[in-house]
Amino acid sequence: MKGLRFAAPALLLIMLGHSSAQNGAVRPLSLAEALDIARKQSYQIQIAESQVAQARGQNIESWSGFLPHFSISENYVKSNDPVMVFSFKLKQGIFNQNDFNLSTLNNPDAVENFTTSFQVQQPILNFDAIFGKSAAGLGMKAREQMLARSQEAIALHVKKAYYGLILAGENLKAISEAVASAQRHRDDARAAFDEGMINEADYLGAEVRLAELQEQRITAEHQIANASDGLKFVMGVEEDLMIVPTDSIAAPDRIPSENNWEEQIASRSDLRAIHFQTQAARRHLWMKRSGWLPRLNAFGGVEWNASEVFRKDASSWALGFQMQWQLFDGLGNLGRSKHAGAQAEEASVQYRQMAEQAKMETRQARRAVQAAEQRVGVAQSAVKQAGESLRIVEERFAEGLEKTSDLLDREVMLTNARLRHLKARHDYAIAVSELQFALGK
């Protein structure tokens, strides 16, 4: 369908006039600008970006199972315990022949010892760290895909809100035109009543119709303010202002082809996210199962001992390896493995469910596009027919051949036809956008 546009310049003038009447700040805004602001300021996107940052932090943390750990410490001890005094003097390199005296050995004076220690721990083979690192990397990819889907969702919501604001303005325009027409009909009815051509009931009917339209116009004005607030919220704009759209609603000339829908759905970012989550859950399961396997780590350190802080009177070093095998931990590891296995199965089922849901959403969106396209044609024809019917009745009314009620009925038909046509065109543009979203575009 081509040429599906609303009259943006006229609409802009109407909404600017309404906004000025409300004494509020006004900001003309194009759809491209609204999308750009939402990408930077949307609350949902900011939340998704924070979740990506969290996942990246967890991925960095998972490297701790592979990289060395360094630590340095300074300890101070003062004691007259014979064993500790003997040890301190040996470590400080101040042990001498007099220290072998039995009285000194059994009742030594208190000795102060400062120990400066530098320790290194190097993981060598930890299977749980290997699977944990893989799970963390997949989790980060899942969050990145969820961010992409959030950006797509916000873009759709911005379009809906932006088009909804345009529709609200177009409704106000249509109702304002109907008010002007109703005022003319009321004036004609007044003149006819004064001339005795119609009765008072017919004249009052014209007044009632005018009041109804004026009430609709008040409601339409408030709907514009509500639509503007909704758009600001989606974009993450907190300023107190009235958004005035400068673009028209324009549905694309081409609807996505059905030839490769399966491939497009499979590449949707939310499906890719749940796919990565499923893989991460499986790696997490193997990480828990690795608790039954042995671990091998290396360690080393250098130590300086002195009678004063940060001095290096004597030094020593040590290197070693440790292999640890947890044979039984009271069913704790078994429970954790069972829990991780259930989570992996849940993720797998969720992926299948979401894949089928995506297909269903695409079919529904396609049917919505077809229905909206048909509604546009029917509504457009109805507007033409209602307009022609009103023209004929207006001519007959001027000749005294029609009653005021017939004129009012035709005017109501035309106004409703115009509003339905506007809504159908709006719904068609939204339906096409929702189909693109369902396909992951």
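The values are calculated or read from the model by the stated rules, or taken from the named source; none is laboratory data. This one's a predicted model, so the numbers in the text were calculated from it and none came from an experiment. We place every Cβ from the backbone using ideal geometry, glycine too, and count neighbours over all the protein chains shown. With ligands, DNA and RNA removed, areas are computed over all heavy atoms of the protein, side chains included. Shrake-Rupley method; radii C 1.70, N 1.55, O 1.52, S 1.80 Å.
Note on the range 337-412 and the range 207-276: Cα centroid distance 15 Å, given to the nearest whole angstrom. Excluding residues on the same chain fewer than 8 positions from Lys133, give the aspartates and glutamates whose Cα lies under 19 Å from its Cα. The qualifying aspartates and glutamates are Glu61, Glu144. Compute the distance from the alpha-carbon center of the range 145-163 to that of the range 32-82, in whole Å. After rounding, the separation between the Cα centres reads 28 Å. Ranked by solvent-accessible area (1.4 Å probe, protein heavy atoms only, all chains present), the residues Thr219, Thr362 order from largest to smallest as Thr219, Thr362. Of Phe70, Phe100, Phe127, the order by accessible heavy-atom surface (1.4 Å probe, DNA, RNA and ligands excluded), from most exposed downward, is Phe70, Phe100, Phe127.
Simple rule: put +1 on each Lys or Arg Cβ and -1 on each Asp or Glu Cβ in the range 27-172, find the dipole, and look at Val52, Ala168, Val120; the Cα lying farthest toward the positive end is Ala168.
Report the net charge of residues surrounding Thr116, where surrounding means a beta-carbon distance below 15 angstrom and charges are Lys +1, Arg +1, Asp -1, Glu -1. That sum, taken over residues with Cβ under 15 Å, equals -2.
When the pairs Lys141/Lys338; Lys160/Lys359; Lys232/Lys441; Lys160/Lys384; Lys173/Lys232; Lys173/Lys423 are compared against a 18 Å limit on Cα-Cα distance, Lys141/Lys338; Lys160/Lys359; Lys232/Lys441; Lys160/Lys384; Lys173/Lys232 fall above it. In terms of accessible area, using a 1.4 Å probe and ignoring ligands and nucleic acids, Tyr162, Tyr76 rank largest first as Tyr76, Tyr162. Rounded, prolate or oblate: pick one for the range 292-426, where a ≥ b ≥ c are the square roots of the eigenvalues of its C-alpha gyration tensor, a/c under 1.5 means rounded, and failing that, prolate if a/b is larger than b/c, else oblate. Note, shape of the range 292-426 comes out prolate.
Taking the chain as the reference, fit the longest principal axis to its C-alpha atoms, fit the long axis of helix 82-92 to the helix C-alpha atoms, and give the angle between the two in degrees, 0 to 90, nearest 10. With both axes taken from Cα atoms, the answer is about 80 degrees. Take the Cα of Arg190, step 7 Å toward its Cβ, do the same at Glu262, and the gap between the two points is 7.0 nm. Using a ≥ b ≥ c from the Cα gyration tensor of the range 106-233 (square roots of the eigenvalues), is it rounded, prolate or oblate, where a/c under 1.5 gives rounded and otherwise the larger of a/b and b/c decides, a/b for prolate? Prolate shape, in that a/c is at least 1.5 and a/b is the bigger ratio. Each residue was assigned an accessible area with a 1.4 Å probe, and for His69 the value is about 80 Å².
Angle of helix 269-289 to the longest C-alpha principal axis of the chain, folded into 0 to 90 degrees and rounded to 10: 20°. Given axes a ≥ b ≥ c from the Cα gyration tensor, I'd like to know whether the range 223-363 is rounded (a/c under 1.5), prolate (a/b larger than b/c) or oblate. It comes out oblate by the Cα gyration axes. Dividing the Cα radius of gyration of the chain by 2.2 N^0.38 Å, with N the residue count, gives 1.76.
In the context of the full set of protein chains, residues of the chain present 56 Å² of accessible surface per residue (probe radius 1.4 Å, heavy atoms only). Loop-located trypsin sites (Lys or Arg not before Pro) across the range 192-292 with a Cβ neighbour count of 16 or fewer within 10 Å are Arg254, with loop assigned by DSSP.
Only helical runs count toward this figure. For the chain, summing -39,500 (n - 2.57) over DSSP H runs of n ≥ 4 and dividing by all residues gives -23500 deg cm²/dmol at 222 nm. The long axis of helix 332-398 is offset from the longest Cα principal axis of the chain by roughly 20 degrees.
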